[in-house]
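Colleague: One structure is given below, represented as structure tokens, and several questions about it will come after.
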Amino acid sequence: MPEYLTEEQIEQFNRDGYLLIPGFLDCTEAEVLLARAKQLLFEFPIENHPLTKFTTSDKNHVGDDYFLTSGDKIRFFLEEGALDEDGNLTREKQQAVNKIGHGLHEIDPLFRRVTLQNERIQSLVRDLKFHVDPVALQSMVITKQPEIGGEVPEHNDSTFLYTDPPSALGFWIALERCTPENGALSFLPGSHLKAPITKRFVRLPTGGTGFEFLATPEMEAQYAAASQGKYVLEACSPGDLVLIHGSVLHKSERNTSNKTRFAYTFHMIESPPRALYDAKNWLQPTPNMPFPHVLDEPNLKLVNPALA
Ligand SMILES: O=C(O)CCC(=O)C(=O)O
């Protein structure tokens, strides 16, 4: 018997490749995370920041050291539109950040509680049966700043968090109202069943990041044609959770409103030997911070004494 999800919700996730769960966090829980994210933005020192922008286009994807070594840290990536031609910030730092990442789920006690010390997450993971022994590998707060909050182009998450076989699962929690105007997520239902992962985002041997292609251009065109369809926009309220299959196509538009759109998201993958995560991936575990096992009881109870 499922503990948290209904059989209908599990079927819906398997059919559509995503599932909206309204009110996964209550309003207070969502407010606490929102306030913490704003505090982090307020407190981070902009002096000595390398002014790394979060860019997502196929040709120009972020890949400097500040990004590549952010897996076990809390770092701040800027919006492309927040810098002028000379590289100077055009607005206050709090309004210049695109996302905070990628170790919030381990380092920050409030984000850790929601991610790794949360019985609802454990029940949901057991119900979904997507993974046997998942590990959490990254987390982010995405802020979608008013007017400059950039679009996130169509993609699937297993391209960026690649395992063999693909096993990524996204948890995306709205911390504010998400509307068509401020860049709510939209999905291509069923696309996870129609097209395999055709490329993966890797560390290049020459430095930086790029894509390694796993299919010929002909195969890619064939899969792209098979997965055409109508995107469904999912408006959300604070606390709503969207589960995102690693192969489902999704995107979000630019924020054209005057309101922010904060969301907290983290990802899990299956652990070996069921799925292999290799050294080509941009995000690497470190001796200080191996990927935590989500269903591992001792791990769940372990609270970093430095954070207690
Ligand atoms: O929050 C967004 O706008 C995009 C998030 C997303 O696509 C992802 O985390 O994979």
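The values are calculated or read from the model by the stated rules, or taken from the named source; none is laboratory data. All values reported here derive from a predicted model rather than from experimental measurement. As a convention, Cβ positions derive from the backbone with ideal geometry for all residues, glycine included, and neighbour counts pool all protein chains shown. Just the protein is used for accessible areas: all its heavy atoms, side chains included, with ligands, DNA and RNA removed. Shrake-Rupley method; radii C 1.70, N 1.55, O 1.52, S 1.80 Å.
Colleague: For residue 83, enumerate residues with amide H under 5 Å from its amide H, sequence gap 5+ or separate chain, H modeled in the peptide plane.
Modeller: 90
Colleague: Order of 253-265, 30-42 by packing, highest average Cβ count within 10 Å first? Write down the numbers at each step before the final one.
Modeller: Values: 253-265: 20.0, 30-42: 17.4.
For the peptides 253-265, 30-42, the packing ranking is 253-265, 30-42.
Colleague: Quick one: 3J(HN,Hα) in Hz for region 277-286, Karplus 6.51/-1.76/1.60 with θ = phi - 60°, rounded, Gly and Pro as x.
Modeller: Coupling constants for region 277-286: 10, 10, 6, 6, 4, 4, 9, 10, x, 10 Hz.
Colleague: Just from its helices, what would the mean residue ellipticity at 222 nm be for the chain, if runs of 4 or more DSSP H residues each count -39500 (n - 2.57) and the sum is divided by every residue, rounded to the nearest 500 deg cm²/dmol? Intermediate results must be reported in sequence, preceding the final value.
Modeller: Values: 8 runs with 67 residues, N = 308.
Helix-only estimate at 222 nm: -6000 deg cm²/dmol.
Colleague: With the calculation restricted to Cα positions, what are the radius of gyration and Dmax of region 1-153 in angstrom?
Modeller: 17.8, 59
Colleague: So for each of 223-230, 98-105, 266-273 I average, over its residues, the number of other beta carbons within 10 Å; can you give me the resulting order with the highest mean first? Write down the numbers at each step before the final one.
Modeller: Numbers: 223-230: 12.5, 98-105: 24.2, 266-273: 20.1.
Answer by packing, highest mean first, reads 98-105, 266-273, 223-230.
Colleague: Enumerate the whole-percent occupancy of each 20 Å bin, from 0 to the last occupied one, for all C-alpha pair distances of the chain.
Modeller: Reading the bins upward from 0: 33, 62, 5.
Colleague: Quick one: dipole size for region 7-301, taken about the Cα centre, charges +1 on Lys/Arg Cβ and -1 on Asp/Glu Cβ, in debye to the nearest 20. Provide the component values of the computation, followed by the final result.
Modeller: Working: 29 positive and 41 negative charges, 19 e Å.
Dipole of region 7-301, to the nearest 20 debye: 100 debye.
Colleague: Please report the carbon-and-sulfur percent of the accessible area for the chain; probe 1.4 Å, protein heavy atoms only, DNA, RNA and ligands left out. It would help to have the intermediate numbers written out before the result.
Modeller: Working: 7630 of 14240 Å².
C and S fraction of accessible area: 54 percent.
Colleague: Let me ask something else. For region 71-91 and region 270-293, compute the distance between their C-alpha centroids and round to whole Å.
Modeller: The distance from the Cα centre of region 71-91 to that of region 270-293 comes to 28 Å.
Colleague: Before I look further, what does the chain give for accessible area per residue, probe 1.4 Å, in whole square angstrom? Walk me through the numbers before you get to the answer.
Modeller: Working: 14240 Å² over 308 residues.
Computed with neighbouring chains in place, this is 46 Å² per residue.
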